[in-house]
Amino acid sequence: MDTLREIFSPDFLLRNSIYISLLVGLVCPLVGVYLILRRLIFMGVALPQISSCGIAFAFALQAWGIIPHIHESEHSLAFIGSTLFTIPTILLLSLLVRRGSGSVEGRLGTVYVLAGAWSILLLVTNPLGEHGLLDMLKGEIIAVSDADLAGTAATFGAVVLIIFFFRKEFLLVSFDRDMAITLKKNVIFWDALLFLLIGLTISMAVLSVGPLVAFGFLLMPPLIAHLFGRNMRQFALIASGIGGCSAFVGFCVAYRLDYPVGPTDVALLGVVYFLCFAAKKLWLLCRHEAVQQS
Amino acid sequence: MTDELLLSLDHVAVGYGRRVILPDVSLSLRRGSFTGLLGANGSGKSTLLKTVLGILPSLQGRMALNPIDGRTPVLGYMPQRESLDPIYPLSSFEVVLMAACGRVGPGRFINKSEHGFARQCLAETGAADLAAKPFSQLSGGQKQRVLMARALATRPDFLLLDEPTAGIDAHATQAIMGVLKTIHAQRRQTILLVSHDLTTVRQYAADVIWLHGGKVLHGAVSELLSRDKIEELLDLEFR
């Protein structure tokens, strides 16, 4: 209770951190829903790593003197690096997945491991950025400026609005591409827009909370929601609700026990997933028994 | 009115990429016709259907869907149910409501009259009670009814169905074909039905397109599915 009182007090020092956790918790699952439905879970693993690699690359360019160092420009630089790596990769990978040629898992695995290796190599060649990047990779959500928070909120707000207004188009091209074509929908445009939103969300989430937490919030809340959602609206709302609640509770627990926020959030999501899975199985078992008895 | 041509294919080649499956298809369909598209597995039935639908591009030749009252005809498509991923947590009603996307522009909300029409289409195919049920949990026959309702909810000028009776029992087959028969009789709906079931096509369709050994035979059911003609074709196949 004391922890909650502290967190809700107006002069709480980590106020921006909790806001950013909540934003990631609420928005990433809305985008992750499409990764689950399109069976692109591996892409959800590989893309945050690519995004981290983009950030490391941008900082390395600065350390090598290729781009100038501008005061307090780190966040923008990291966002540009992350986005420039993530969006082309997601568009290319989705094109290859759509064509269905070769091993999709093999390609995604290769992208993941290469991005991870290059992130580390770029990190060790850049002593200036090493400390901050390591914090980011660990999921330390501590120093969030008002400008960073505003940027993240604006980007996520735009993503949510676009997903909300064009949800029927995104659902149609995802569920039944052939029917979308017969209804004269421009499936390439809608696919590209959806992947652009996914790429943008991942870039922003990795920048804010690191690849581990971004991946956790992209995939685990939708997986939990899939156990209970009976239609698309329920599925999306439950996923976002679980993400938001877990982010808040995870932050409180981490603050109370002095743990890093990101890993605490993901561990909490794991517990929620296990409990929900067990509850669903138990419910199905009880229902089966009841049917047999009647 | 019903003698007007709706679809014409002139020396069209169909296939996937560089793989040609039917090298030379020339045929035409009249408005208000009920045509069965017959052929053995792998003969190119679904490929031809997808080419007509615009899902696959024709590899050569000319295909034309003639305008109706100055507008492009609306195509109502019923795919094979296995092509739809069961991972989507969609209610049957949501599946049918997708058909409204053809009329409701991007960013616009689907209004109450479209909701009502979707329910009406579900009722027409005898699936009104399935509206709230998860689509992925329905039986094969139930899914077919819902998908047919979705095809009807596009308000089609041309209804194209890919194996609507495949893998379902005789009772469900009869029910689905009964709905099609009623729609065709009441609205003079143009229907192209892909099937490998000769009996079903003979019973319900008036015309037939038979894909046989890369060739396309087109004619009335009474002549193309006559006992002598079938014996002639099957004899050819065995040789």
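Restricting segment A:1-51 to residues that are modelled with pLDDT of 85 or more and among the β-branched types (Val, Ile, Thr), which is surrounded by the fewest Cβ atoms within 10 Å (Cβ to Cβ)?
Looking at the filtered set, the residue picked out is A:ILE18.
How about segment A:240-294: which of its residues are at pLDDT 90 or above and among the polar types (S, T, N, Q)?
Listed by number, the residues that qualify are A:SER240, A:SER246, A:THR264.
Looking only at helices (runs of 4 or more DSSP H) that fall completely inside segment A:207-294, which ones have 1 or more residues that are of a type in the set (S, T, N, Q) and over 22 Å from A:ILE41 (Cα atoms)?
Ranges flagged: A:261-293.
Go through segment B:15-29 and report how many residues are of a type outside the set (D, E, K, R), part of a strand (DSSP E or B) and surrounded by fewer than 16 Cβ atoms within 10 Å (Cβ to Cβ). I'd like the intermediate steps shown before the answer.
If we filter segment B:15-29 for residues that are of a type outside the set (D, E, K, R), which is where we start, we get B:15-17, B:20-23, B:25-29.
So of that shortlist, the ones also part of a strand (DSSP E or B) come out as B:15-16, B:20-23, B:25-29.
Then keep just the ones that are surrounded by fewer than 16 Cβ atoms within 10 Å (Cβ to Cβ); that gives B:16, B:26, B:28.
Within segment B:15-29, residues that are of a type outside the set (D, E, K, R), part of a strand (DSSP E or B) and surrounded by fewer than 16 Cβ atoms within 10 Å (Cβ to Cβ) number 3.
Looking at A:GLY106, A:GLY157, which one is assigned to a helix (DSSP H, G or I), at pLDDT 80 or above and more than 17 Å from the chain's Cα centre (by Cα)?
Every option except A:GLY106 fails the conditions.
Pick from A:LEU207, A:LEU196, A:LEU183, A:LEU172: which is away from every other protein chain (no Cβ under 14 Å) and either surrounded by fewer than 23 Cβ atoms within 10 Å (Cβ to Cβ) or under 18 Å from B:LEU84 (Cα atoms) (or both)?
A:LEU196
Within the group B:GLY36, B:GLY32, which residue is surrounded by 21 or more Cβ atoms within 10 Å (Cβ to Cβ) and farther than 22 Å from A:ILE181 by Cα?
After ruling out the rest, the residue left standing is B:GLY36.
Go through B:PHE158, B:PHE93 for me and flag whichever is within 9 Å of chain A (Cβ to nearest Cβ), of a type in the set (Phe, Trp, Tyr) and either surrounded by 19 or more Cβ atoms within 10 Å (Cβ to Cβ) or without any contact (Cβ under 8 Å) to a residue 12 or more places away in the chain (or both). Spell out the reasoning first.
On the way: B:PHE158 fails: within 9 Å of chain A (Cβ to nearest Cβ).
Just one listed residue meets the conditions, B:PHE93.
Could you pull out every one of the helices (runs of 4 or more DSSP H) wholly within segment A:1-89 that has 2 or more residues that are within 14 Å of chain B (Cβ to nearest Cβ) and not acidic (Asp, Glu)?
Working: elements: A:2-8, A:15-37, A:41-63.
Once the helices (runs of 4 or more DSSP H) in segment A:1-89 are filtered for at least 2 residues that are within 14 Å of chain B (Cβ to nearest Cβ) and not acidic (Asp, Glu), what remains is A:15-37.
All but one of (1) within 20 Å of B:ILE183 (Cα to Cα); (2) within 14 Å of another protein chain (Cβ to nearest Cβ); (3) among the aliphatic types (A, V, I, L, M) hold for B:LEU53; state the number of the condition that does not hold.
B:LEU53 satisfies all of (1) within 20 Å of B:ILE183 (Cα to Cα); (2) within 14 Å of another protein chain (Cβ to nearest Cβ); (3) among the aliphatic types (A, V, I, L, M) except (1).
Within segment B:98-136, how many residues turn out to be acidic (Asp, Glu) and either away from chain A (no Cβ under 14 Å) or surrounded by 22 or more Cβ atoms within 10 Å (Cβ to Cβ) (or both)?
Looking only at segment B:98-136, we keep the residues that are acidic (Asp, Glu), and these are B:114, B:124, B:129.
Going one step further and asking which of them are either away from chain A (no Cβ under 14 Å) or surrounded by 22 or more Cβ atoms within 10 Å (Cβ to Cβ) (or both), we end up with B:124, B:129.
Adding up the residues that qualify gives 2.
Conditions (1) of a type in the set (Gly, Ala, Ser); (2) within 20 Å of the chain's Cα centre (by Cα); (3) outside the structural domain of B:VAL201 (by TED's automatic domain parsing), marked per residue:
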| residue | (1), (2), (3) |
| --- | --- |
| B:ARG119 | no, no, yes |
| B:ALA128 | yes, no, yes |
| B:LYS133 | no, no, yes |
| B:LEU138 | no, no, yes |
| B:LYS143 | no, yes, yes |
| B:LEU152 | no, yes, yes |
| B:ILE168 | no, yes, no |
| B:ALA172 | yes, yes, no |
| B:MET177 | no, yes, no |
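Can you work out which of the residues in segment B:56-90 that are within 10 Å of another protein chain (Cβ to nearest Cβ) and of a type in the set (Ser, Thr, Tyr) is farthest from A:PRO222 (Cα to Cα)?
The selected residue is B:THR72.
Return only the number of the condition from (1) in contact (Cβ under 8 Å) with a residue 24 or more places away in the chain; (2) part of a loop (DSSP other than H, G, I, E, B) that A:ILE163 does not satisfy.
With respect to (1) in contact (Cβ under 8 Å) with a residue 24 or more places away in the chain; (2) part of a loop (DSSP other than H, G, I, E, B), A:ILE163 is out only on (2).
As an exercise: evaluate A:PHE59 against (1) over 30 Å from B:SER136 (Cα atoms); (2) at pLDDT 85 or above and give the number of the one condition it does not meet.
(2)
Look at A:THR201 and say whether it is in a helix (DSSP H, G or I), more than 8 Å from every other protein chain (Cβ to nearest Cβ), in contact with a Cys (Cβ under 8 Å, 6 or more places away or on another chain) and not aliphatic (A, V, I, L, M).
So A:THR201 fits the description; yes.
Could you look through segment A:233-245, keep only residues that are in contact (Cβ under 8 Å) with a residue 40 or more places away in the chain and touching a helix residue (DSSP H, G or I) at 6+ places or on another chain (Cβ under 6 Å), and pick out the one that is farthest from the other protein chains (Cβ to nearest Cβ)?
Once the filter is applied, the top-ranked residue is A:GLY244.
Working only within segment B:72-90, note down all residues that are within 24 Å of B:ILE168 (Cα to Cα) and either among the hydrophobic types (A, V, I, L, M, F, W, C) or surrounded by 18 or more Cβ atoms within 10 Å (Cβ to Cβ) (or both).
B:GLY76, B:TYR77, B:MET78, B:PRO79, B:ARG81, B:LEU84, B:ILE87, B:TYR88, B:PRO89, B:LEU90
The values are calculated or read from the model by the stated rules, or taken from the named source; none is laboratory data. Source: prediction; values computed, not measured. Cβ coordinates were reconstructed from backbone atoms using ideal geometry, including for glycine residues, and neighbour counts include every protein chain displayed.
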